[in-house]
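Only one structure is covered here, and it is reproduced in the block below.
The values are calculated or read from the model by the stated rules, or taken from the named source; none is laboratory data. Keep in mind that what you see is a predicted model, and the values were worked out from it rather than measured. Note that we place each Cβ from the backbone using ideal geometry, even for glycine, and neighbour counts take in every protein chain shown. Surface accessibility is based on the protein's heavy atoms, side chains included, excluding ligands, DNA and RNA. Shrake-Rupley method; radii C 1.70, N 1.55, O 1.52, S 1.80 Å.
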Amino acid sequence: MLAGKEGEPLRIKVTPEMLKLNPEGHEYPKTFAWESFYYDFEKTVILRAVYGTARVNELALSRHYGVSRTVAGDILNRGAEKGIVSRDEKSRWFVNPLDERRFRDLYEVRALLEPAALQTAIDHAPVEFVQGLRSRLLRTSEHFLDVQGAELDELEKDLHIDLLQWTGNIEIIEGLRRTHCVLVAGKHIQRAIRGMTGIDAFMGEHLEIVDAVLEKDHQLAKARLSAHLLASSRKAAERIHAFRSVNQMESVSYLVS
């Protein structure tokens, strides 16, 4: 577009900086529409799952968040990856129940597989990586009373997912993926009853395991991990009972009993 009738047109090269775009070679992290709604969906579904299963109405879900059916589907697919919802042979979505029995069963699987994964992960995980886990644990311990939920989530992921990935045994990793929902569920149930029992300061137990890993003491690391999982299983059952004792199942527009 030219303005005026006299003189030569002024041609200026348009750069990313002028348009406030990212410079060449640097990419901003991508965000997806479902991400804005997923955390609320996850929390709602998990706090419903402690009472048993329920049908998820995909159309009602899209209306609840004011999004398209495509975005609602993305939310559900992410929930399926986390193990909190599943789809049947008729493509209907259901909440996976998270009662005491299922928690116990999932922790039993973890107690069998996680120490086995740790056995070989100890030999393959870089020292710098494990030292990074230790540093994060110490930093969080220093301000535990003010810690945010996202930090606790990362510490759980550090030990129970990222470290164990170094096992190299894909079959164990696939088996453990089915149990990750207890990590997700635990944080929401703890926060729901925070006023009564507080958030579990598990950093000490994690630190003991990580120290044994740094020492390359396979038996001690596995024993500490097993003890940690046993204690976590007992605490999970207590928290579910505590949550139910002071809460009633709430009606949710997209969940059908």
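Annotations
- Sole residue being within 17 Å of Phe202 (Cβ to Cβ), open to solvent by 60 Å² or more (accessible area, probe 1.4 Å), out of contact with any Phe, Trp or Tyr (no Cβ under 7 Å at 6 or more places or on another chain) and free of Cβ contacts under 8 Å to residues at least 12 places away in the same chain, chosen from Glu151, Glu171: Glu151
- Candidate set from region 41-57 (those that are among the hydrophobic types (A, V, I, L, M, F, W, C) and either surrounded by fewer than 19 Cβ atoms within 10 Å (Cβ to Cβ) or part of a loop (DSSP other than H, G, I, E, B) (or both)); member that is farthest from the chain's Cα centre (by Cα): Ala54
- On inspection, Val67 does not qualify as touching a strand residue (DSSP E or B) at 6+ places or on another chain (Cβ under 6 Å) and not acidic (Asp, Glu).
- Close pairs from region 115-142: first open to solvent by 40 Å² or more (accessible area, probe 1.4 Å), partner among the polar types (S, T, N, Q), Cβ under 8 Å, at least 6 apart: Ala116/Thr167; Ala116/Asn169; Gln119/Thr167; Thr120/Thr167; Thr120/Asn169; His124/Thr167
- Candidate set: region 58-93, residues that are open to solvent by 60 Å² or more (accessible area, probe 1.4 Å) and outside any helix (DSSP H, G or I); chosen: the one nearest to Ile161 (Cα to Cα): Arg87
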